[in-house]
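Single-structure report; data block below.
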Amino acid sequence: MRYLWLIMLMLCPLQAFAAGPYARASVEDDGKIVPGQQVYVTVDVFVPDFFTSPPQFPLFGIQDALVTLPGERSQHLTETADGIQYAGIRTRYAIVPEVPGTYAVPAIDIELGYAVDGKPLRVTVQTNPLSFETHGNATAGAGFAARGLTIAQAFDRDPAALKAGDALTRTITITAGNTQAIMIPPVAAGAAPGLTQYAKPAKTEDGIAIGRDTASRRTETLVYTTTAEGRFAIPPIDYSWFDLDSGGITVARLPSTTVLVAAAPARTGIAPDVQGPKMAAPFEQRRHLMLVILLGLAAGAAAWAMGRLPRALVRYLSAAELRFKTSRRYLLRGLQKSILSADLAGVYAALQAWSREEGFRTLHDWAASGHPDLADEITGLESTLYGGRSSAFDRQRLARLVTSAGGHRAGTHPRMVLPALNPGADTPAALRRSAFTLHRT
């Protein structure tokens, strides 16, 4: 029986097996990877013709290593195999090994959507497993490995022109390439004798554009306060790191800073009036007192009357504004505006949100309930967005078709039978506000 299956597989056309989606992975290994160095694993996913939904790249774990998906823009690819054209999407994982040894990258399961004979299909493809090695412990004592590291500091005022009681803010930035911001160690700032110092929480950023490259950055903020005049010294900072370009440990240095604090200026008070106010006549005093009382009563009555009116008016106007901005006509105009002016991804997201608001489970279910040409325009949009090739997608025509399909709610179609996750917010107004927050701005 086993041989019969083998013969049948050999007789099947090879092209039938080549027509399905597939994925592959590769590691950028130059044979000189050290602990603390960021290693990229490139993953390519291909489908015949075009994607109907983007691939979902999951995170995975590796012992003694940090695995992340950097916020890089995915690349669109095209490839031809056995006469069949494939559309592809490429992304990269960043792995930072922590100790020397061999690291195994497991096979990655990637869920995606594509079309077979015009019908959307969701499948899961798997990459090939990989491995790489880190050599030695060259980064010991350096903390981490990177390229092109720079360290800089700035003060919010002149450290040599302070007065007792002033506060001095010091900002230290460490910028480095080929690493993640969370891997950049904190600086050892030390203590400045005579000054009170405290540190604010550090800020980390990835994907910072530096020319044509990107880098990561760690920002630390220290605040020094002065209580007395004198001359003080903020100590220097030595920051060591393993330079991947030179292959050795490098030390970046911030110089010491001199802080000069002068005495605080003496404060002058307001001289008292030794003569005191002149006493008015008894009659003038009574008349002035009565006038103040009457004005106070009048002001209180006016404030009471005016205080009730604005609250009612505000409630009425707020309700009217809510009815208007959650009306069907207003939301449909927002959808048309997104179709005519937003980028392709924004147009697709707006159409998906509208179909859900109309009560349909998917965008294609809503399109099938409207004008017959509406589904064709949405298919063209998906081909342009996920297929990596230009298609006949007409914004003006799609906006008109959406208008004609706007009245086709899912009233005669079965709505989702699962209960709402948040019953308190599952109202038409709340759904519309959450679905179209982007398109009203």
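Things to note:
- Whole-number D in µm² s⁻¹ for the range 18-134, Kirkwood Cα-pair radius fed into Stokes-Einstein, 37 °C, 0.692 mPa s: 216
- Using distinct alpha-carbon pairs, which all enter the 1/r mean, Kirkwood radius of the range 145-262 in Å: 15.4
- Label zone (T250, point 7 Å along Cα-to-C-beta; backbone nitrogen cut-off 16 Å) within the range 148-162: 148-152.
- log₁₀ of I(q)/I(0) at q = 0.15 Å⁻¹ - the range 78-183, Debye sum with one point per alpha carbon: -0.92
- Here the label points at A264 and A161, each 7 Å from Cα along the C-beta direction, are separated by 2.1 nm in the simple model.
- Difference of contour (0.36 nm per residue) and Cα-Cα distance, D394 to R286: 30.6 nm
- Where a label projected 7 Å from the Cα of H135 along Cα→Cβ would reach, residues of the range 32-58 with amide N under 12 Å: 32-35
- Separation of the L295 and I182 label points, Cα + 7 Å toward Cβ, nm: 6.4
- R0 of 41 Å, Cβ-Cβ distance V99-R122: FRET efficiency to nearest 0.05: 0.55
- Each peptide in 292-304, 147-159, 336-348 was scored by the mean count of other Cβ atoms within 10 Å over its residues; highest first, the order is 336-348, 147-159, 292-304.
- Listed peptides 45-57, 91-103 by packing density, highest first (mean Cβ within 10 Å): 45-57, 91-103
Values quoted throughout were computed directly from the atomic coordinates according to the rules given, and no laboratory measurement underlies them. Bear in mind the structure is a predicted one, so any value in this text is a computation, not a measurement. Using ideal geometry, Cβ is built from the backbone for each residue, glycine included, and neighbour counts are taken over all protein chains shown.
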